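Report on the following structure.
The values are calculated or read from the model by the stated rules, or taken from the named source; none is laboratory data. All of these numbers come straight from a predicted model, not from anything done at the bench. For neighbour counting, all protein chains shown are included, and Cβ atoms are generated from backbone atoms with ideal geometry for every residue, glycine included. Side chains are part of the model used for accessible areas, which takes the heavy atoms of the whole protein and leaves out ligands, DNA and RNA. Shrake-Rupley method; radii C 1.70, N 1.55, O 1.52, S 1.80 Å.
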Amino acid sequence: MTRVFRLAALLGLVLSFGVLQAAQRAEAADLYTVRGVHVDVTAASATEARAIAQAAGQREALGELMRRLTLSSDWSRLPQANDATVQDAVRGFQVASEKSSSTRYIADLNVSFSPDAVRKLLKRNSILFGETQAKPALLVAVYDKGAVPVLWDDANPWRNAVAKRDLDDAMTPILLPVGDVEEFNLLTAAQAVSGDKTAINNLGQRYGADDVVVAVASSNTDGSAIKMKATRYGPGSNEVIQRSYSSLDAAAAGLIDALGDQWKRDTIVAPGMQAHLTAEVSYIGLDQWQTIRQGLSSTPLVSGLQVDGITSNSAEVQISYRGSPEKLALALAQSNVELTQGANGWSLHAR
């Protein structure tokens, strides 16, 4: 390609390795916050109960965070979340709500952790972890209690159980459709259960979602036995998830974990798998270049970026990354950046 070097442009557009790493840490911060940890402790005094509850909540949050970042097959090897590891890892916490009496303390905590401290903890125990968050997936929650399956009805306890989870900070964030009149006509419960891809994709397009998950929860009469089946229509693994649970709340937690596990299997890479590629970047205007630049800077698999040449509508970049080109492409796609290989080599453009 023809290289036109402009000092002012390069000063603004070239990302140094240090700036790149800082941007990655900022992007990964949401994954390192655990919200809605419920604590309820009774002790000799309200002060003692508060101290015990907040310490216990932070331990529980660290355990939940480590499970969020790692494969379920490794959960039995996770280090114990004791007071020492918590003190090293906690960055801060907020009390979302609290009630207390003279001896009891009840609260919901949001706990944030230092990414570097958690990474070191997992690496010391030789446990692989992921930091690439998927694009939000649209969840179609169908509840079946043996009569007519429920989708858009207000009385859909399966949807309500999912809505109580932290859906934003999961490895696969979840969007719940609003369920207005137009959506009643776009997708019915019967179409969702039968896997009508046209109707399912039409609903996904309304939300700009490439990934739609149809999750059917079948319940016995008293709700004590739930069979959950989730089918994913989108990029990455489309393996059908089938599990059994004792309640809808447990099924909702299990669904979020299982979707995250699928995604982590697609994106986690072993340490030391460093690679490099040169790509030609095509864009129309500064906005598209910014999308591509931000996508590269926020993708945890990217460890370095060098801009070798730039024009008004193209650039040549060298990318240092971990893993395979396929995993890099999947990770970049979450930031609306498409990496493809053609006859003339690698190319990048905004989706």
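The table below lists the values:
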read-out: Members of region 232-252 found to be small (Gly, Ala, Ser) and modelled with pLDDT of 95 or more, listed by number; value: Ser244, Ser246, Ser247, Ala250, Ala251, Ala252
read-out: Residue that is most open to solvent (accessible area, probe 1.4 Å) [pool: residues in region 177-187 that are part of a helix (DSSP H, G or I) and either polar (S, T, N, Q) or within 18 Å of Val214 (Cα to Cα) (or both)]; value: Asn185
read-out: From the options Thr340, Thr291, residue that is hydroxyl-bearing (Ser, Thr, Tyr) and in a strand (DSSP E or B); value: Thr340
read-out: Odd one out for Gln191, checked against (1) farther than 22 Å from Ser244 by Cα; (2) at pLDDT 95 or above; (3) open to solvent by 10 Å² or more (accessible area, probe 1.4 Å); (4) under 26 Å from the mean Cα position of the chain (by Cα); value: (4)
read-out: Of all residues in region 153-165 being open to solvent by 40 Å² or more (accessible area, probe 1.4 Å) and outside any helix (DSSP H, G or I), the one that is nearest to Lys264 (Cα to Cα); value: Arg165
read-out: Selection within region 39-54 - surrounded by 15 or more Cβ atoms within 10 Å (Cβ to Cβ) and assigned to a helix (DSSP H, G or I); value: Ala46, Ala49, Arg50, Ile52, Ala53, Gln54
read-out: Answer from Ser282, Ser218, Ser244 - the residue that is more than 30 Å from Lys197 (Cβ to Cβ) and small (Gly, Ala, Ser); value: Ser282
read-out: Cβ pairs under 9 Å, 6+ apart, first in region 264-284 and open to solvent by 70 Å² or more (accessible area, probe 1.4 Å), second part of a helix (DSSP H, G or I); value: Pro271/Lys123
read-out: Single residue of Gly295, Gly304, Gly285, Gly342 found to be closer than 16 Å to Gln133 by Cβ and among the small types (Gly, Ala, Ser); value: Gly295
read-out: Exclusive hit being closer than 25 Å to Asp266 by Cα, open to solvent by less than 20 Å² (accessible area, probe 1.4 Å), under 26 Å from the mean Cα position of the chain (by Cα) and of a type outside the set (Ser, Thr, Tyr), set Ile226, Ile174; value: Ile174
read-out: Matching residues in region 106-133 - criterion: being open to solvent by less than 10 Å² (accessible area, probe 1.4 Å), closer than 29 Å to Leu248 by Cβ and in a loop (DSSP other than H, G, I, E, B); value: Gly130
read-out: Pairs with Cβ under 6 Å, 6+ apart, first in region 93-115 and within 11 Å of Val34 (Cβ to Cβ) and in contact (Cβ under 8 Å) with a residue 24 or more places away in the chain, second polar (S, T, N, Q) and not in a strand (DSSP E or B); value: Val111/Gln58
